[in-house]
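Data block below; observations after.
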Amino acid sequence: NSSIDGNSVFFEAYESFEVIKTEEFSEEKFFLRNQNRIDSNVLSKSSIQVIGCGALGGEIIDILAKAGTKEIGLVDKDIYKFENKVRHILDISAVGKPKVIAFHEYLRDNFPFVIPLYKYPLIISLC
């Protein structure tokens, strides 16, 4: 094969090489398995606020992200503590961080097409 012969010096420089299989990385491909389960056209254009990033709020954030919600607003004033882990979706590396920042990192690392929105520190007054 002439194309291999032209690169023989290149190939001789290595003992071996391996083929790396890649796949398409797109928002459409990422949410493909949800295609018949939800109306992703609605959620992909939505911005939803989640008030409370505790155990229940964390599950809701995760479900919204998996469903393809474009923007998820995070509202919580608490710090993630070690004792939260037993019932929480966040892992131990988030201990000591404000929950909104920990969830921002969780969404960034696991759902690249979701935009987490938050402000911290957040002061809420019910007076």
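Is there a pair in Lys29/Lys77; Lys21/Lys45; Lys70/Lys99; Lys21/Lys85; Lys45/Lys85; Lys21/Lys66 whose C-alpha atoms are over 30 Å apart, and which pairs would that be? Lys29/Lys77; Lys21/Lys45; Lys21/Lys85; Lys45/Lys85, as the Cα separations exceed 30 Å there.
Only protein heavy atoms count here; under a 1.4 Å probe, Lys77 has an accessible surface of about 120 Å². Sorted into 5 angstrom bins from 0, the C-alpha pair distances of segment 40-84 split as 5, 23, 29, 20, 12, 7, 3, 1 percent.
A crude spin-label estimate for the pair Tyr14 and Ile48, with each label 7 Å from Cα along the Cβ direction, gives 4.5 nm. Take the Cα of Ser26, step 7 Å toward its Cβ, do the same at Leu56, and the gap between the two points is 4.0 nm.
The values are calculated or read from the model by the stated rules, or taken from the named source; none is laboratory data. Every value quoted in this text rests on a predicted model; they were computed, and no experiment measured them. Quick reminder, even Gly has a Cβ in these numbers, built from the backbone with ideal geometry, and neighbours come from all protein chains shown. Ligands, DNA and RNA are excluded from the accessible area calculation, which covers all protein heavy atoms including side chains. Shrake-Rupley method; radii C 1.70, N 1.55, O 1.52, S 1.80 Å.
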